[in-house]
Amino acid sequence: MIEKTGKYLNPAPIMMELSARITEAGVLSLADSDHLEAYAIEVMKGYPQLTMFNIGDEQGNFLMPKRLPDGTFATKIIDRTVTPPTVTWKYRDEKGEITGIETSTDVQYDPRVRQWYVGAKEAGKACWTPLYIFFTDGMPGITAACPVYGSDGKLIGVFGADIELSDLSEFLRGLKIGKTGVAVIINEKNEIVACPDVSRVVTRDGNGELRHALIDELGVGWVTAAFKEYARRGATSFAFTHEGDRYNASFKRFPDYFGRDWTLGIVVPESDFIGSIIEAHKNILVITGLILLLAVFIAVLISRSISGPIVRLAEETEKIKSLHLDEEIDIRSPVKEIQLMSNALSSMKTGLKAFERYVPAALVRQLIRTGEEARIGGRKKELTIFFSDIAGFTTISEGLSPEELMVRLSEYLDKLTKIVMEQNGTVDKYIGDAIMAFWGAPLEDDDHALHACRAALLCQRKVRELTESWEREGKGAFPTRIGIHTGETIVGNMGSRERMNYSAIGDSVNVASRLEGINKVYGTGVVVSHATYEKVAGAFVFRPLDMVTVRGKKQEIMIYELIGEKGEDLDPRILELCEVFTLGVDAYLRGDREEAVRIFTDIRERFPADKATAIYLDRLGVS
């Protein structure tokens, strides 16, 4: 339930932050209501859980597409640039055509005083509102909001996405928990977020105003009693008695990363299942006893004839444990059971060889060699993090059939993955067309930054080779961007006891991911942080790009473009560009505008296609 809730809510803050960023970049304008409306409706079509898409600005203007019960959309537009201010409703059919327009001057709504607007303004970043009743529908929900800033750094507006929580209640109603068990979600104020009966989520106060119902007002005495026991005991699982009946209760708080202080409680009458459990225990004891007697009898009879094959089977099991799966198993025994075990091991080995394509066997072997137990936990150590991504992949994929896309993407990922592994890297995960990898764990690697940079250069070389091959076949390219950062990182087994992943998390991972995206700004292929540069400056050719503030960090960092490895046969013009560009950056950073203008103007004449040069000239006010 917690996982479903996270998947249900997470797209909202992500899309609001994306909308804010593309508006700040000039792709959208808060003054262009037609394009804003079209954009917001397309976002809502992609995420059906979004009920309303709110866009407000500092002047009180407001635009809100709303999903209607029949799947069509109605858009509310408040215009305070005219006197008197007007409110307009546009109604659209399933094809998006306008079917009606209503306009009046009865403007009661002001986005600037609403929780979602005020909260985002105060937070200065994407955030969730507390639980509240929606102004438009009177339904309970929450809003993800993100502020938008102008080029002068001042707030110009806020994007917000409303999500009604009635679907969570519907999901809880469909859960089968025993015969009559109930699941309820509450927040830190003991307000009901979701329960099987959505009509109980809201109530009215003494003035007839709608408000969120408290758990005490649910109307199901034994469920309310369970939450009170939980608050009193602090235990996550317990049994209790209410009005003479026994109940079992279990509670779990939503994880911190979820951003909401919610608790999921499940309460089940003990009578729902205790009878079947006792019967099952009896059957298990009888069956276990019979199997044990049979196993002892058979072991006494055939122990001498099976010792040799069993030793060999144990040896093969050790090989399988270490994922050494290349050798065939050839064990013959007149004892049927041993032969079955041999055949089963052979089938297991065959299955694991196929499974290796999904689980990195090399990583498992590394963990076995280092003695790391498969349990949740991590440790902090210095790693070098690597992120790669295909530029414009969404546009590229739209022009390919699913079959061709999967074949080409598989070939691309296979080639780059082999390079990472050959350079002692650990592939963490594939994120669509992106690759996340790291160096320095689980095996120690004193040269982790060097191996990561070398892998990046080899990956770019391999992408060029693939591009040449594909272009000869009339196929498009997969232009690739790479970001690399070195720093303290938490690495270890993440996930749950049932399923875990050896992964790296922390600020260093976020920085590497942001550096990959920065390539788009400067027109580069590989960008590394100053921390990485310091470790490998003597082995590679770089050019300094800029002092930037990576999102999520307050302190500026110096970033560099990785050009090539020293000793390679590099293009003299590229080396010349690096040398002159370095002088220009130095002049810019020390405030020598005249010298910086002269150097970057000269670079533009000799290298007119260099995007980084154009950025500096634009900052210096040179057209």
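Since every read-out is calculated from the coordinates, none of them should be taken as a lab result. Small disclaimer: the values here were computed from a predicted structure and weren't measured. Positions of Cβ are backbone-derived with ideal geometry, glycine not excepted, and every protein chain shown enters the neighbour counts.
Side notes on the structure shown:
- Cβ-based exposure ranking for T489, T51, T384, in which fewest neighbours within 10 Å come first: T51, T489, T384
- Distance in nm between pseudo-label sites at T549 and T103 (7 Å out along the Cβ direction from Cα): 4.2
- Amide N of region 498-519 lying under 13 Å from the label point, which is placed 7 angstrom from the Cα of A280 along Cα→Cβ: none
- Fewest-first sequence of F134, F581 by Cβ atoms within 10 Å of each Cβ: F134, F581
- Evaluated with a Cβ-only charge set (Lys, Arg +1; Asp, Glu -1), the chain carries a dipole of roughly 1540 debye about its Cα centre, given to the nearest 20.
- Cα shape, the chain, gyration tensor, a/c 1.5 rule: oblate
- Residues T88 and M406, FRET efficiency given R0 of 45 Å [Cβ-Cβ distance, rounded to 0.05]: 0.45
- The fraction of all Cα pairs in region 371-570 landing in successive 10 Å bins from 0 to the largest distance is 9, 35, 35, 18, 3, 0, given as whole percents.
- Lysines whose Cα lies under 27 Å from that of K380, excluding same-chain neighbours fewer than 8 positions away: K418, K429, K535, K553, K554
- Amide proton proximity set for G392, modelled H, under 5 Å, gap of 5+: none
- Amide H contacts of Y132 (H built 1.01 Å from N, under 5 Å, at least 5 apart or other chain): G141
- Most positive-pole-ward Cα, C453, G26, G495, against dipole of the chain from beta carbon charges: G495
- Values of log10 I(q)/I(0) for region 2-164 across q = 0.14, 0.19, 0.20, 0.21 Å⁻¹ run -0.67, -1.30, -1.44, -1.58, by the Debye formula with one identical scatterer at each alpha carbon and no solvent.
- Label zone at L18, where the point sits 7 Å out along the Cα-to-Cβ direction: region 65-85 residues whose backbone N lies under 19 Å: 65-67
- Modelled FRET efficiency - R0 41 Å, K566 with T394, Cβ distances, 0.05 increments: 0.65
- Between region 603-623 and region 113-166, the alpha-carbon center distance in angstrom: 39
- Sites D197 and L589, calculated FRET efficiency, Cβ-Cβ separation with R0 56 Å, nearest 0.05: 0.30
- In whole angstrom, region 167-272 maps to an equivalent ellipsoid with semi-axes of 22, 16, 14, each derived as √(5λ) from the alpha carbon gyration tensor and ordered largest first.
- Ranked by how many other Cβ atoms sit within 10 Å of their own Cβ, fewest first, the residues E229, E122, E473, E565 fall in the order E473, E122, E565, E229.
- Given their separation in residues at 0.36 nm each and the Cα-Cα distance between them, E170 and S346 gain 58.6 nm when the chain is fully extended.
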